[in-house]
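Here the structure comes first, spelled out in structure tokens, and everything after it is commentary.
Bear in mind these aren't lab numbers, they're just calculated from the coordinates by the rules spelled out. Nothing here was measured: the structure is a model prediction, and the numbers come from that model. Methodologically, a virtual Cβ is constructed for each residue, glycine included, from the backbone with ideal geometry; neighbour enumeration extends over all protein chains shown.
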Amino acid sequence: MPMFTSWSQAAWAALDILLVALLIYQLLVMIRGTRAATMLAGLIVVAVIFYLARMGELITLNWVISRMLPYVVFALIVVFQSEIRHMLSDLGRRLSFLHGSTANGDSYDDIVLAANLFSQHQTGALIVIEREIGLRTHIESGVPLDARLSYDLLATVFRPSAPLHDGAVIIQKDRIAAAACFLPLSMNPLLSTQLGTRHRAAIGITEETDAIAVVVSEETGAISLALGGQIERDLSVDQLRERLGSELRRYMAPVTLPTAIAHDEEGPDSTLDSSLQEQAPQKDPEPAGGSERQP
């Protein structure tokens, strides 16, 4: 019996250490590359100062820190509120992985086609796909549409001369919920200085929620995908389709992409119009009687 008790205690102690180590590891992974990393370093410095004040019997400093200590928990919640929210949402998403995604039955081929069009003509676009965490607050900041998701509508919304081209389009299942939506900008200091407002907004919304953001650069036409506060840049259309299919846990069959159209002097709107016309099914013209010229 003593041997069994000792083995049982050792097993529980090992499990305890393993869980603590796993928790610390997940915490470090979560804050790596974010502003929370520098905050954590500052917090460690404060803890070291408190320890030295205790050991060195610095009465005044020890008294000040001991008075501030009860409020540290509340201060940490305020400072790390974004990271805590992201951690809890990520935990909930992992726990609900076996239940499948609500977007499994939805078709997002139109997003791939639209991203290809925007990339060809260097039209800036930001498309956000809602998943488990609702985006109602951000939807209400834009213009409500509640329209069926389609390639034509996306191309029309992000037309440079359209009044709704600024801001983001938010998609719920197979419908476009709203356009011209405002999104929170990422404050991550480690982001590249080459990233503009559109890319920072895509990263910001994915830092706070489990949404997927597709971005097309207005300067280069490069396609990017943001997820979980990270961004994958310079994706090809096939790579975008594969990534969307894997994240939405469904198979997305390849679709025929429109051919590139050279820019002309009529401006970007005319190129978008011609691309839209190419996507529409064309009927073979019937020969009209007497149309041939007589010599």
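Couplings 3J(HN,Hα) for the stretch 173-178, derived from phi with the Karplus relation 6.51 cos²θ - 1.76 cosθ + 1.60 (θ = phi - 60°), are 6, 10, 10, 8, 6, 7 Hz, where x marks Gly and Pro.
Listed peptides 60-68, 139-147, 200-208 appear in the order 200-208, 139-147, 60-68 once ranked by packing, highest mean of other Cβ atoms within 10 Å at the front.
Residues of the stretch 181-207 falling in the label zone of GLU219, defined by backbone nitrogen less than 13 Å from a point 7 Å along Cα to beta-carbon, are 192-200. Approximating the spin labels as points 7 Å out from Cα along Cα→Cβ, the VAL73-to-GLN230 distance works out to 3.4 nm. The string of couplings for the stretch 190-200 from the Karplus curve (6.51, -1.76, 1.60, θ = phi - 60°) is 8, 5, 5, 6, 7, 7, x, 5, 4, 6, 5 Hz, one whole number per residue in order, with x for Gly and Pro.
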